[in-house]
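Trainee: Below is one structure. I have some questions about it.
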There are 2 protein chains.
Amino acid sequence: MQITKAEIKLINALKKSHGRKKYQAFIVEGIKMVEELIRSQMNIKLIAATKEWGAANTDHTQLPIFREISDRELQKISNFSTSNQVIAVAELPKEQDFSIQKDDLVLVLDTIQDPGNLGTIIRTADWYGIQKIVCSKETADAYNSKVIQSSMGSVFRIPLFYTNLVSLLKAHQKTHHVYGSLLSGKNIYKLPLKKSSFIIIGNESKGISPEIQDLITQAIYIPKSKHSKAESLNAAIACSIILSEFSRL
Amino acid sequence: MQITKAEIKLINALKKSHGRKKYQAFIVEGIKMVEELIRSQMNIKLIAATKEWGAANTDHTQLPIFREISDRELQKISNFSTSNQVIAVAELPKEQDFSIQKDDLVLVLDTIQDPGNLGTIIRTADWYGIQKIVCSKETADAYNSKVIQSSMGSVFRIPLFYTNLVSLLKAHQKTHHVYGSLLSGKNIYKLPLKKSSFIIIGNESKGISPEIQDLITQAIYIPKSKHSKAESLNAAIACSIILSEFSRL
């Protein structure tokens, strides 16, 4: 079946954050990322592809969600500057499906604003088997195309949701430790780290917000070389070093 | 003294990689980065700034390298979209000043192509006190403005040069170990790591090139969670985890 005008309109709406919120869906572009999406548990609503992609993926062209799209039409709606073959629409994960269990190691993103950093953090969390990611409402939208690209599809594999972090941390105070990187923290290389924990990663320039700092039960610090004049680490880098330490558990 | 037309022409030429090669110099923009440059050992040839910046930095306006520039003129030559106050020209470090010592822990970049990754790697290397960085000739130009920005000025503090990696590694085979991340490598968390080493970081999509792989004396691997379906880590992230492990020495 050919793609309809209404579907093209939907895809265009989903390029923006408020469109994704309104329709509770997001778009995925490009052969590699759509493959990752198909392999994931995400609920796919539409796959719009050129004849070329269809010929190489005949098992998908028979599905009721498949739509054919001309190269010209796809070029017009695509975020990609170079030639693209396929674009898919998937449902956003439902918040009610998300719950934190006793043994979960949960990554908490306190206002990560750079889409590249966010995608890289999700990719690294996926590598280290992090079970869940929780983001403050001010964190960048994980379903924007830059984040999807830099996550290399990991965003399809880790449950992630946006919420009020203070309420969330308070609700799990009895069962979960709260680790956060502060200048006053203890050397992470010498600390026994525990599962059933939240790991807080702060904003790129402001760090962890004061009201979240108050809820940290174990402040940590990544020690720098005594010769170094560097002021800080990139947020995604700090996150990866912390996750690496937790992976030794 | 007012900036001259020839100096403006030089600044414009230094925006491009071949201009930097030709004049053996590079530009640094913005208050924060120019401050880092001034604090570093780099040889500064020119500081062009608005009246506003001059008023706040009177210790620099008297220097022979200082030039006054109008807001309008600066806006015209700046890479920045928003208002800028200062731009500086510094000499590229000289290759002959660069030598590898017996105890050096040297980071070797085998064709890192993304400027953001390169800057982040340099920033992390600075944090962990890496003494030197060597890049393949195909690695992104470390003195382009995106790299300077994402390095947060660390590029001014670590000696870095471009060379033929195969010749370099062969020349130090007797004194230095060569570590590189390969799928066949040993778990980095369980390996005794040694100083007097080169640490190879490979290209974002192709990894370490075959001729460099042949020179690795200890292949390493960052183990992923048994539940993870992630295919790889971002190059800057892998680098940071490896440097973190070496920092425990």
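The values are calculated or read from the model by the stated rules, or taken from the named source; none is laboratory data. In this text the structure is predicted, and so the values were computed from the model without any measurement. Backbone-built Cβ (ideal geometry, glycine too); neighbour counts: all protein chains shown.
Trainee: For the stretch B:75-85, give me each residue that is crowded, with 18+ Cβ neighbours inside 10 Å and among the small types (Gly, Ala, Ser).
Mentor: B:Ser78, the sole residue that qualifies.
Trainee: Of all residues in the stretch B:211-230, how many are within 24 Å of A:Gly129 (Cβ to Cβ) and either in contact with a helix residue (DSSP H, G or I) (Cβ under 9 Å, 6 or more places away or on another chain) or not assigned by TED's automatic domain parsing to the domain that holds B:Leu109 (or both)?
Mentor: Within the stretch B:211-230, residues that are within 24 Å of A:Gly129 (Cβ to Cβ) and either in contact with a helix residue (DSSP H, G or I) (Cβ under 9 Å, 6 or more places away or on another chain) or not assigned by TED's automatic domain parsing to the domain that holds B:Leu109 (or both) number 10.
Trainee: Moving to a separate point now. Please go through the stretch B:71-130 and pick out each residue that is touching a Phe, Trp or Tyr at 6+ places or on another chain (Cβ under 6 Å) and polar (S, T, N, Q).
Mentor: Passing the criteria: only B:Gln85.
Trainee: Something else now. For the stretch A:182-215, what are the residues that are hydroxyl-bearing (Ser, Thr, Tyr), modelled with pLDDT of 95 or more and under 21 Å from B:Ser247 (Cα atoms)?
Mentor: A:Tyr189 - this is the single residue of the stretch A:182-215 that is hydroxyl-bearing (Ser, Thr, Tyr), modelled with pLDDT of 95 or more and under 21 Å from B:Ser247 (Cα atoms).
Trainee: For the stretch B:86-129, how many residues are under 12 Å from the mean Cα position of the chain (by Cα) and crowded, with 23+ Cβ neighbours inside 10 Å?
Mentor: 14
Trainee: For residues that are free of Cβ contacts under 8 Å to residues at least 40 places away in the same chain and not aliphatic (A, V, I, L, M), tally how many sit in the stretch A:137-154.
Mentor: Residues meeting the conditions: 7.
Trainee: Let me ask something additional. Filtering the stretch A:232-249 down to residues that are in a loop (DSSP other than H, G, I, E, B) and within 7 Å of chain B (Cβ to nearest Cβ), which residue is surrounded by the fewest Cβ atoms within 10 Å (Cβ to Cβ)? Working first, answer last.
Mentor: So in the stretch A:232-249, the residues in a loop (DSSP other than H, G, I, E, B) come out as A:232-234, A:248-249.
With the extra rule that they be within 7 Å of chain B (Cβ to nearest Cβ), the set shrinks to A:233-234, A:248.
Values: A:Leu233: 22, A:Asn234: 26, A:Arg248: 9.
Filtering first and then ranking leaves A:Arg248.
Trainee: Within the stretch B:169-190, take every residue that is surrounded by 15 or more Cβ atoms within 10 Å (Cβ to Cβ) and without any contact (Cβ under 8 Å) to a residue 40 or more places away in the chain and give me the one that is farthest from B:Leu109 (Cα to Cα).
Mentor: Per the stated criteria, the residue is B:Gly185.
Trainee: Are there helices (runs of 4 or more DSSP H) fully within the stretch B:1-68 with at least 3 residues that are out of contact with any Lys or Arg (no Cβ under 7 Å at 6 or more places or on another chain), within 14 Å of another protein chain (Cβ to nearest Cβ) and surrounded by fewer than 16 Cβ atoms within 10 Å (Cβ to Cβ)? List them.
Mentor: Once the helices (runs of 4 or more DSSP H) in the stretch B:1-68 are filtered for at least 3 residues that are out of contact with any Lys or Arg (no Cβ under 7 Å at 6 or more places or on another chain), within 14 Å of another protein chain (Cβ to nearest Cβ) and surrounded by fewer than 16 Cβ atoms within 10 Å (Cβ to Cβ), what remains is B:31-39.
Trainee: Any residue in the stretch A:203-210 that is within 23 Å of A:Thr120 (Cα to Cα), among the hydrophobic types (A, V, I, L, M, F, W, C), surrounded by 14 or more Cβ atoms within 10 Å (Cβ to Cβ) and touching a helix residue (DSSP H, G or I) at 6+ places or on another chain (Cβ under 9 Å)?
Mentor: Start the filter on the stretch A:203-210 by keeping residues that are within 23 Å of A:Thr120 (Cα to Cα), which leaves A:203-209.
From what's left, among the hydrophobic types (A, V, I, L, M, F, W, C): A:208.
If we keep only those that are surrounded by 14 or more Cβ atoms within 10 Å (Cβ to Cβ) too, we end up with A:208.
Retained after the next criterion (residues that are touching a helix residue (DSSP H, G or I) at 6+ places or on another chain (Cβ under 9 Å)): none.
No: the stretch A:203-210 contains no residue that is within 23 Å of A:Thr120 (Cα to Cα), among the hydrophobic types (A, V, I, L, M, F, W, C), surrounded by 14 or more Cβ atoms within 10 Å (Cβ to Cβ) and touching a helix residue (DSSP H, G or I) at 6+ places or on another chain (Cβ under 9 Å).
Trainee: Take the conditions at positive phi and either in contact with a Lys or Arg (Cβ under 9 Å, 6 or more places away or on another chain) or assigned by TED's automatic domain parsing to the domain that holds B:Asn144 (or both) and apply them to B:Gly119. Does it pass? Let's see the steps before the verdict.
Mentor: Details: at positive phi: no; either in contact with a Lys or Arg (Cβ under 9 Å, 6 or more places away or on another chain) or assigned by TED's automatic domain parsing to the domain that holds B:Asn144 (or both): yes.
For B:Gly119, the condition - at positive phi and either in contact with a Lys or Arg (Cβ under 9 Å, 6 or more places away or on another chain) or assigned by TED's automatic domain parsing to the domain that holds B:Asn144 (or both) - is not met.
Trainee: Taking into account only those residues within the stretch A:218-231 that are outside any strand (DSSP E or B) and touching a residue at least 12 places away in the same chain (Cβ under 8 Å), which is surrounded by the fewest Cβ atoms within 10 Å (Cβ to Cβ)?
Mentor: A:Pro223
Condition check ((1) assigned to a loop (DSSP other than H, G, I, E, B); (2) at pLDDT 95 or above) across all residues:
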{"residue": "B:Val89", "(1), (2)": "no, yes"}
{"residue": "B:Lys102", "(1), (2)": "yes, no"}
{"residue": "B:Ile112", "(1), (2)": "yes, yes"}
{"residue": "B:Ala125", "(1), (2)": "no, yes"}
{"residue": "B:Ala140", "(1), (2)": "yes, yes"}
{"residue": "B:Tyr143", "(1), (2)": "yes, yes"}
{"residue": "B:Val147", "(1), (2)": "no, yes"}
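Trainee: Can you pull out every residue in the stretch B:149-178 that is farther than 20 Å from B:Leu37 by Cβ, in a helix (DSSP H, G or I) and of a type in the set (A, V, I, L, M, F, W, C)?
Mentor: Listed by number, the residues that qualify are B:Leu165, B:Val166, B:Leu168, B:Leu169, B:Ala171.
Trainee: Is there any pair with a first residue in the stretch A:26-38 that is more than 13 Å from A:Ala90 (Cβ to Cβ) and assigned by TED's automatic domain parsing to the domain that holds A:Ala56 and a second that is hydrophobic (A, V, I, L, M, F, W, C) and part of a helix (DSSP H, G or I) whose Cβ atoms are under 8 Å apart and which are 6 or more apart or on different chains, and what are they?
Mentor: Short answer, once both residue conditions are applied: A:Ile31/A:Trp53.
Trainee: Just one of the numbered conditions (1) surrounded by fewer than 19 Cβ atoms within 10 Å (Cβ to Cβ); (2) within 14 Å of chain A (Cβ to nearest Cβ); (3) touching a residue at least 60 places away in the same chain (Cβ under 8 Å) is not true of B:Arg157; which one?
Mentor: Failed condition: (1).
Trainee: Can you go through B:Gln101, B:Gln131, B:Gln113 and tell me which one is touching an Asp or Glu at 6+ places or on another chain (Cβ under 8 Å) and closer than 26 Å to A:Pro223 by Cα?
Mentor: Every option except B:Gln131 fails the conditions.
Trainee: Being under 25 Å from A:Ile148 (Cβ atoms) and aliphatic (A, V, I, L, M) is the filter; apply it to the stretch B:207-231 and report the residue that is nearest to the other protein chains (Cβ to nearest Cβ).
Mentor: B:Ala230
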